[in-house]
1. Within the stretch 137-182, report the trypsin sites (Lys or Arg not before Pro) that DSSP leaves as loop and that have at most 12 other Cβ atoms within 10 Å.
2. If we sort 26-34, 243-251 on the protection proxy, mean other Cβ atoms within 10 Å, highest first, what's the order?
3. Measuring from label point to label point, each 7 Å out along Cα→Cβ, what is the GLU339 to GLU277 span in nm?
4. Where the convex hull is taken over the Cα atoms of the chain, what is its projected area averaged over directions, in nm²?
5. In the stretch 71-140, what chymotrypsin sites (Phe, Trp or Tyr not before Pro) fall in a loop by DSSP, with at most 15 other Cβ atoms inside 10 Å?
6. Once you've got the GNM for the chain with C-alpha springs shorter than 10 Å, pick whichever of LYS329, LYS235, LYS355 has the biggest mean-square fluctuation.
7. Given LYS211/LYS359; LYS173/LYS235; LYS219/LYS288; LYS235/LYS359; LYS281/LYS355; LYS235/LYS331, which pairs have Cα atoms separated by over 20 Å?
8. Could you rank the peptides 216-222, 110-116 by their average count of other C-beta atoms within 10 Å per residue, with the highest value first?
Amino acid sequence: MKVALITGITGQDGSYLAELLLEKGYEVHGIKRRSSLFNTDRIDHLYQDPHDPNQRLKLHYGDLTDSMNLTRIIQECQPDEIYNLGAMSHVKVSFDCPEYVGNVDGLGTLRILEAVRLLGLTDKTRIYQASTSELFGGLAENKNERGFYDENTPLYPRSPYGVAKIYGFWITKNYREAYDMFACNGLLFNHESPRRGETFVTRKITRAVAKIALGLQDKLYLGNLEAKRDWGHAKDYVRMMWMILQADKAEDWVIATGVTTTVRDFVRMAFEEVGIELEFKGEGVDEKAYVKACNNKEYQVEIGKEILSVDPSYFRPTEVDLLIGDPTKAKEKLGWIPEYDLAGLVKDMMESDVKLMKKDVDMLKAGHEILKQVE
């Protein structure tokens, strides 16, 4: 039985990857940070009884800032594969805590690589490092001849998150070449799902749209509506992570859809899933969206109501306006084909968030009934 170790297992990617590996018969170990609050909701359906001898998912307390802790866990697990998905991955927040991001996202990668080297596991353990499209920085002059960013694109990160990740990217390449380690970078473009964190723009949008449609929220505030991203589904991307570590040769790979969409159009698509048609007016910080039509009897919002405004506080100090990846290498060499397009992704996220918000509506109704009975 193969053994895998996942840092960041409680996150979006970690939870989907754990599901995939368990389906493939792996024993899966996950590292989670200690918290006074329960933070395992994404994997609770996988982690039932830690005392069950047949339980193939095992969790360990750890942190990417603690090299001794990481070394001990790797020594105990003796993993065949390590997936380093743990990170502070919010680009906007990275400007507020750049030192922390550098320590976790940059040096955290080094700590894992060095632990594998010192423990003499370089011939046994294959390592996947979660790199990011933020390494490219969105510079138009760096695109390939097809107008995309690929494995040969010069790197120019535009945020503390991207700068920290570029250290992780290069130290992974360095250890691969210096110590003949099977260590790979996956340069993942934006990937979303119903499990995406609530502060990330796509999930912020789908949650707000569901609330607005159900009468739980009046308005949505966003930053740069002109920003364009290459959005894929996290399920497709974690499958590619696994495929990377099954390859014959350790290499670096771009994981993307090759399709780019503005934040504005993502908003439009999300509202269309609940039958609400929008009209955008104004430009820049003055742009707003209004309800033009409601085509679903279940979700009725006042026609002409303003439901979206731009808030400049969400702008980044250095904005990346366009990101679009070239997945040609992944498709031709490993046969990776995404199962979700953008429409399927938006539909999946909206169905999940509408269902989630309907629970809140039901709870509010139940609360009102109890109050009536008390009165």
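Each value in this text was obtained by applying a stated rule to the coordinates, not by laboratory testing. Computed from a predicted structure; not experimentally measured. Positions of Cβ are backbone-derived with ideal geometry, glycine not excepted, and every protein chain shown enters the neighbour counts.
1. Numbers: sites: LYS143, ARG146, ARG158, LYS165, LYS173, ARG176; in loops: LYS143, ARG146, ARG158.
Passing sites in the stretch 137-182 are ARG146.
2. The packing order, highest mean first, is 26-34, 243-251.
3. Spacing of the two 7 Å Cα→Cβ label points: 3.4 nm.
4. The Cα convex hull of the chain, projected and averaged over all directions, gives 21.7 nm².
5. Numbers: sites: TYR83, PHE95, TYR100, TYR128, PHE136; in loops: PHE95, PHE136.
When the chymotrypsin sites (Phe, Trp or Tyr not before Pro) of the stretch 71-140 are filtered for loop state and at most 15 Cβ neighbours within 10 Å, PHE95 remain.
6. Residue with maximal mean-square fluctuation among LYS329, LYS235, LYS355: LYS355.
7. Over 20 Å apart, Cα to Cα: LYS173/LYS235; LYS235/LYS359; LYS281/LYS355.
8. Ranking, from highest mean packing down: 110-116, 216-222.
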